Amino acid sequence: MTLYRPLFMQAAMGDTEFEYDGRALRLMLTGLWSSEGPVNNSFIVSQRGAGANMSVDVSGGTAVVTGNDVSLQGTYMCVSDATVNVTVPAAPASGSRTHRIMLYVKDKLYDGTLAADTYEFAVELQEDTGSGTPTLPPSAISLALVTVAAGQISVTDADITDTRISGLTAPSWLRQSTGADDRPAIPLSGERVYRTDLGCMEITDGSSWFEIPRRDGGGSEWSTYTPTLTATSSNPTLGTGSTAQGRYIRYGRMVTCTAWIRFGTSGVSVGSGFYEISLPVLARTQTVGRRTGSGYLYDSSNDYQDGGCFIDVNVQDRVRLSMNGTVVTPTSPMAFGASDELGFTITYEAAS
């Protein structure tokens, strides 16, 4: 085991002077960055800006790349201030080819196959010659895959698959995303972004993104669903011109939803038995007690009535309404008919 001299030490007067090599500085970057990749949405691969042809443009920016030609090679900081155009091979005679656009660090000190005086990085294409997309070389990161089919004469954005994984500091500064399409294409589990369009943070498990709620606003609108009205003996027919609308929001296992249903103006059949309205998310099974919320009825020939709603014992997918202690049916506490309405609001624990 080797204990390396800490950075930024200086020999005292009369002591033997010493130097730090490039690796010492690169190892400092290794300690500052928890993952390699483009920083802040850099090095975007897109169709040629001057008109699509058999090439792609790669934007400038900053990337961190882990050197892995040898152990403890350290992390390189790569900076470009201009767009690089990369030529794509002509289309194959048949089938398709998937080429890779990569950012490649070339350090002759650690890679003896390189030409003399090669100390640089490059944005290059790895050609698929028919046996599949080549494996990345050491000290390189993948930026995109470009698929070219037989007969193709130009590369468009539809042919490009983003493969960038964000370079993240430890701890990471939050990337600013203007929308869902502006998130990292291949996120790391635990990666966070700040959604400027929503005014809140999101976190990912590597496949799905989840909003982190905050006080005083921010976040997406509630999701919509279409509630269904049924009855325990025979289901009603809402008729022509009926309406069924629902909205809900979920944080963790907590679900809050509101829904209302209005019978149409003709062709109405009110059904029989207890009325039940569907929920957007299955509720946790509860063997004792009811989960309760608020409910209302509207008699188009009279007025509104306010009451409650509940998810019954061992029920997961629907609520019943209750007015003055009586469960609502097609005939109680009012006779339902054309243009009448019922609805509810409830918060409950989801099943999973």
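The values are calculated or read from the model by the stated rules, or taken from the named source; none is laboratory data. Fair warning: this is a prediction, and the values are worked out from it, not measured in the lab. Don't worry about glycine lacking a Cβ; one is built from the backbone with ideal geometry, like all the others, and counts go over all protein chains shown.
Here's the yes/no breakdown for (1) over 30 Å from Thr196 (Cα atoms); (2) touching a residue at least 24 places away in the same chain (Cβ under 8 Å); (3) touching a Leu at 6+ places or on another chain (Cβ under 6 Å):
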position: Thr228; (1), (2), (3): yes, yes, no
position: Ala231; (1), (2), (3): yes, yes, no
position: Thr237; (1), (2), (3): yes, yes, no
position: Arg253; (1), (2), (3): no, yes, no
position: Thr256; (1), (2), (3): no, yes, no
position: Gly264; (1), (2), (3): yes, yes, yes
position: Glu276; (1), (2), (3): yes, yes, no
position: Val281; (1), (2), (3): no, yes, no
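Within region 88-108, which residues are of a type outside the set (D, E, K, R), surrounded by 12 or more Cβ atoms within 10 Å (Cβ to Cβ) and free of Cβ contacts under 8 Å to residues at least 60 places away in the same chain?
Pro89, Pro92, Ser96, Thr98, His99, Ile101, Met102, Tyr104, Val105 - these are the residues of region 88-108 that are of a type outside the set (D, E, K, R), surrounded by 12 or more Cβ atoms within 10 Å (Cβ to Cβ) and free of Cβ contacts under 8 Å to residues at least 60 places away in the same chain.
Just give me the residues in region 147-184 being closer than 21 Å to Thr133 by Cβ, of a type in the set (A, V, I, L, M) and surrounded by 14 or more Cβ atoms within 10 Å (Cβ to Cβ), in sequence order.
Of everything in region 147-184, those that are closer than 21 Å to Thr133 by Cβ, of a type in the set (A, V, I, L, M) and surrounded by 14 or more Cβ atoms within 10 Å (Cβ to Cβ) turn out to be Val148, Val155, Ile160, Ile165.
In this structure, does Tyr296 turn out to be touching a Cys at 6+ places or on another chain (Cβ under 7 Å) and closer than 26 Å to Ser223 by Cβ?
no
Given (1) at pLDDT below 95; (2) in the same structural domain as Thr345 (by TED's automatic domain parsing), identify the lone condition not met by Leu297.
So Leu297 meets the others, but not (1).
Can you tell me how many residues in region 317-338 are among the polar types (S, T, N, Q), buried (at least 17 other Cβ atoms within 10 Å of the Cβ) and within 16 Å of Leu238 (Cα to Cα)?
Matching residues across region 317-338 total 1.
Of all residues being in a strand (DSSP E or B) and either within 27 Å of the chain's Cα centre (by Cα) or not assigned by TED's automatic domain parsing to the domain that holds Ser35 (or both) in region 135-153, which is farthest from Ser59 (Cα to Cα)? Just the residue, please.
Among those residues, the one meeting the criterion is Thr147.
For region 3-36: of the residues being touching a strand residue (DSSP E or B) at 6+ places or on another chain (Cβ under 6 Å) and closer than 30 Å to Thr98 by Cβ, which is surrounded by the most Cβ atoms within 10 Å (Cβ to Cβ)?
Only one residue fits best here, namely Glu36.
Which residues, counting only those in region 116-134, are surrounded by 14 or more Cβ atoms within 10 Å (Cβ to Cβ) and assigned to a strand (DSSP E or B)?
Phe121, Ala122, Val123, Glu124, Leu125, Gln126
Would you mind stating whether Tyr348 is within 25 Å of Gly267 (Cβ to Cβ) and of a type outside the set (Asp, Glu)?
Here the answer is no, as Tyr348 does not meet what is asked.
Considering only residues of region 297-316 that are over 18 Å from Ser233 (Cβ atoms) and aliphatic (A, V, I, L, M), which is nearest to the chain's Cα centre (by Cα)?
The extreme case among them is Ile311.
So, in region 37-81, exactly how many residues are within 24 Å of the chain's Cα centre (by Cα), within 14 Å of Thr169 (Cα to Cα) and modelled with pLDDT of 95 or more?
Total satisfying the criteria: 5.
Would you check which residues across region 37-53 are in contact (Cβ under 8 Å) with a residue 60 or more places away in the chain, touching a strand residue (DSSP E or B) at 6+ places or on another chain (Cβ under 7 Å) and either surrounded by fewer than 16 Cβ atoms within 10 Å (Cβ to Cβ) or part of a strand (DSSP E or B) (or both) and list them?
Across region 37-53, the qualifying residues are Gly37, Pro38, Val39, Asn40, Val45, Ser46, Gln47.
Which of (1) closer than 30 Å to Trp209 by Cα; (2) part of a loop (DSSP other than H, G, I, E, B) does Ala338 not meet, given it meets every other one?
That leaves (1) as the condition not met.
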